[in-house]
Amino acid sequence: MLIFAVIMKQLLTKTGSRIQMVIDFTYPLCRRFISPQLYRYGVCGSANVLFDWALYFLVYNFFVKYRLLDLGFLTISPHITTLILIFPVSTLTGFLLQKYVTFTASDLRGRTQLLRYTIIVGGNLLINYAGLKILVDGLSFYPTPSKMIITVITIICSYIGQKKFTFRDTSASVISSSLESPSINTPFQSSSTPTLDPDIFDPASQSSHK
């Protein structure tokens with residue numbers, strides 16, 4: 001299992017690096033307007049959104065086929081059923097793209113990132129559910145355009161949450177704190193640097209930090 005995880009990490013890291021090279025090749029066209037990280041986020045997010053829309057359309061029209069899902073104690077409308085089916089898939093692809101392409105400088109442990117990403121995803125799921133209920137059931141909009149409108153809202157919320165919370169780079173705050181309150185070791189003081197176990201989920205090769 002450990003060998004498989006290591007192989008997957010190497011494969012995802014190499015794939016992410018290649019995708020990043022392709023994205024950065026077109027970045028000079030937008031250099032004056034946005035930062036490299038924001039550009040990568042936009043490209044990766046747009047690609048995942050297109051994948052999400054296409055998957056939603058296919059599942060809704062050819063798999064769910066406009067049918068209600070009767071669970072006995074609860075009846076789920078077809079557009080909500082489709083959302084439940086595709087949400088885990090598009091969430092996983094989005095996480096991998098942002099982790100291995102956009103926010104590669106984050107020094108948080110992979111499991112911490114995944115937990116925080118899940119929290120952000122939970123918030124997005126609530127926004128998706130409430131939005132579809134309002135637009136489709138309440139205002140009688142078409143399901144796919146409604147999903148597109150909600151996606152724009154969740155993209156804005158996701159970027160803020162991912163940058164400031166999920167993939168936060170703690171090294172900058174550590175450096176800032178050390179500059180404000182420098183510690184001075186005397187010959188009579190012993191200093192030790194705690195180390196962390198290697199994190200196989202972290203795309204960066206360095207997995208220990210102060």
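The values are calculated or read from the model by the stated rules, or taken from the named source; none is laboratory data. No experiment lies behind these values; they were computed from the predicted model shown. Cβ coordinates were reconstructed from backbone atoms using ideal geometry, including for glycine residues, and neighbour counts include every protein chain displayed. Heavy atoms of the whole protein, side chains included, go into the accessibility calculation; ligands, DNA and RNA do not. Shrake-Rupley method; radii C 1.70, N 1.55, O 1.52, S 1.80 Å.
Couple of notes before you dig in:
- Convex hull per residue volume in Å³, alpha carbons only, for the range 66-127: 100 Å³
- Above-threshold pairs, the threshold being 22 Å between Cα atoms, out of K9/K99; K99/K147; K14/K147; K99/K163; K133/K163: K99/K147; K14/K147; K133/K163
- Applying D = kT/(6 pi eta Rh) to the range 46-161, where Rh is the Kirkwood radius over alpha-carbon pairs, T corresponds to 10 °C and eta to 1.306 mPa s, the Stokes-Einstein value obtained is 105 µm²/s.
- Sorted largest first, extent of the range 37-84 alpha carbons per principal axis (Å): 47, 21, 9
- Computed accessible area, L29, all protein chains, 1.4 angstrom probe, square angstrom: 140 Å²
- The slack between R31 and D70, meaning 0.36 nm per residue of separation minus the straight C-alpha distance, is 8.9 nm.
- For the range 54-146, trypsin sites (Lys or Arg not before Pro) are listed when DSSP marks them as loop and at most 14 other Cβ atoms sit within 10 Å of their Cβ; the list is K65, R67.
- What separates the Cα centres of the range 141-167 and the range 60-81 is a distance of 23 Å.
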